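*Asks:* What follows is a structure written as structure tokens; I'll ask about it next.
The values are calculated or read from the model by the stated rules, or taken from the named source; none is laboratory data. Being a predicted model, the structure only gives us computed values, none of them experimental. Using ideal geometry, Cβ is built from the backbone for each residue, glycine included, and neighbour counts are taken over all protein chains shown. Only protein heavy atoms, including side chains, enter the accessible area calculation; ligands, DNA and RNA are left aside. Shrake-Rupley method; radii C 1.70, N 1.55, O 1.52, S 1.80 Å.
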Amino acid sequence: MKVIDHINKAKGTLFSFEILPPLKGKSIQSIYDGIDPLMEFKPPFINVTYHREEYVYKRREKGYLEKMSIRKRPGTVGICAAIMNKYDVDAVPHIICGGFSKEETENALIDLQFLGIDNLLALRGDPIKTEANFLPHPEGHEYAVDLIGQIMDMNSGSFLHEEMMAGATDFCVGCAGYPEKHFESMNLKTDLKYLKDKVDKGAEYIVTQMFYDNQKYFAFVDACREAGINVPIIPGLKPISTLRHITFLPKFFHIDLPEELADELQKCKSNDDVRQVGIEWGIKQAKELVKANVPSLHFYTMGKSESVKKIASAIF
Ligand code: FAD
């Protein structure tokens, strides 16, 4: 079933989450170990993030450097199929522009359709570590809106190689939104203009970047409505759980931690202290969001379900 149908038929706020494929060499069991504790909250869908290759330089004879591509995590197709089979919930693979030609994207989508996966979260992807700015594949897409365009073409039966296809796809597509603005965007208004383009192109719902100040989410939803973006906006939540997160999350995701939370975090001496603060903050945030009747509380688990389970237990 499609994410948009889950949202439309829900009587209240849903619980959903995203997982990170494990590092190469681990088995599917490591994914199940992260999902099992959360199944009691009946997620109708589970997202699976995609991580593109990275480049490293290896020193060879005579001082030459060889550029090598390394993939640290497996792709999403097999993981999504395994999740759907084991749990009978819908899997939502993240599809990115970065590193893919249009042809490769089409092939990946055909594999997903073949497996009965009809949900996608369409993203651009971040620049890889060796690039200062995002560089699209020469035969690929520069922005998420272009990727959504390709998916919509496939949904209307238009493929790169039409003679290969028996029929149209039928994907429900979500896209990303940023309550605190995307870090490359000149300002929130410009960012919203491009967000509207994604929705106008065919994205049926938005999942937000994580935030810790609900007022920013509420203001973002109001700004979206004013800009004519009328699809459901799912809030993304990530419980802070380590001392490292305190500096890593603002730096990596370009988000602020509100003063009240920062004050509590500054008192923490250990990861356990941070985890406790993160759970309490998460419960407070989640309660207010549920009261505002948001479509789903969507948790970024990043492979760790402990804190999410504690927050969900207090809510559902
Ligand atoms: P876009 O919508 O393409 O926007 C990128 C930037 O370009 C923005 O600043 C936007 O304002 C601007 N822009 C858009 N269109 C135009 C245009 N036509 N002309 C000029 N400027 C334009 N990354 C991964 O690699 N894998 C994942 O699994 C993943 N999952 C994510 C899930 C969520 C919910 C979120 C919020 C992010 C996720 N990301 C993931 C990160 C995401 O790929 C990055 O934030 C990326 O930098 C932007 O992706 P986007 O789809 O929002 O890009």
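*Asks:* Only loop residues by DSSP count here, and only those with at most 15 other Cβ atoms within 10 Å; note down the GluC sites (Glu not before Pro) in segment 33-74 that meet that.
*Replies:* Values: sites: GLU40, GLU53, GLU54, GLU61, GLU66; in loops: GLU53.
Passing sites in segment 33-74 are GLU53.
*Asks:* Now for a different question. In a solvent-free Debye calculation with one equal scatterer on each Cα, what is log10 I(q)/I(0) for segment 3-315 at q = 0.07, 0.09, 0.10, 0.12 Å⁻¹, listed in the order of the q values?
*Replies:* With no solvent term, the Cα-only Debye profile gives -0.28, -0.47, -0.58, -0.85.
*Asks:* Under a 5 Å amide H to amide H cut-off, with H placed in plane at 1.01 Å, what residues pair with ALA203 once short-range neighbours are removed?
*Replies:* Excluding prolines and chain starts, which carry no amide H, there are no hits.
*Asks:* Using a Gaussian network for the chain with springs between C-alpha atoms less than 10 Å apart, which of these wobbles most: ARG59, ARG73, ARG124?
*Replies:* Evaluated over the chain, the most mobile residue of the options is ARG59.
*Asks:* Here is a follow-up. Computing the accessible area with a 1.4 Å probe over protein heavy atoms, can you report the carbon and sulfur percentage for the chain? Each step should come with its number before you reach the end.
*Replies:* Details: 8190 of 15960 Å².
Answer for the chain is 51 percent, counting heavy atoms of protein chains only.
*Asks:* Kindly state, to the nearest 0.05, the FRET efficiency for GLN276 paired with ASP222, given R0 = 30 Å and r defined as their beta-carbon distance. Mind dumping the intermediate values first?
*Replies:* Working: r = 32 Å, r/R0 = 1.08.
Working from the Cβ atoms, E equals 0.40.
*Asks:* Report the residue, chosen from VAL207, VAL56, VAL231, that carries the largest GNM mean-square fluctuation when the chain is represented by alpha-carbon nodes joined by springs under 10 Å.
*Replies:* Residue with maximal mean-square fluctuation among VAL207, VAL56, VAL231: VAL56.
*Asks:* Moving to a separate point now. Working only with C-alpha atoms, what are the Rg and Dmax values of segment 109-186, expressed in angstrom?
*Replies:* 14.7, 44
*Asks:* So, for segment 5-62, what is the accessible surface per residue at a probe of 1.4 Å, expressed in square angstrom? Please report the intermediate quantities before stating the final value.
*Replies:* Numbers: 3320 Å² over 58 residues.
Heavy-atom SASA per residue in segment 5-62 reads 57 Å².
*Asks:* Modelled label-to-label distance, LYS193 and GLN266, 7 Å Cα→beta-carbon offset: nm?
*Replies:* About 3.9 nm separates the two model spin labels.
*Asks:* Within the set of other residues whose C-beta is less than 13 Å from the C-beta of CYS172, count the net charge using Lys and Arg as +1 and Asp and Glu as -1. Display every interim value, and only then the final one.
*Replies:* Values: positive: LYS2; negative: ASP5, ASP90, ASP118, ASP170, GLU204.
After counting each charged neighbour, the total is -4.
*Asks:* How far apart, in nanometres, would the label points at ALA132 and SER156 be if each is projected 7 angstrom from Cα along the Cα-to-Cβ direction?
*Replies:* Between ALA132 and SER156, the simple spin-label model gives 3.9 nm.
*Asks:* Follow-up question, since we're still on this one. Might you tell me the accessible area per residue for segment 274-316, computed with a 1.4 Å probe and given in Å²?
*Replies:* On the way: 1990 Å² over 43 residues.
Accessible area per residue: 46 Å².
*Asks:* For ALA292 and ASP256 in the same chain, what is the full-extension length gain: residue separation times 0.36 nm, less their Cα-Cα distance, in nm? Present the calculation step by step, with values, prior to reporting the outcome.
*Replies:* Numbers: separation 36, 0.36 × 36 = 12.96 nm, distance 2.18 nm.
Additional length available on full extension: 10.8 nm.
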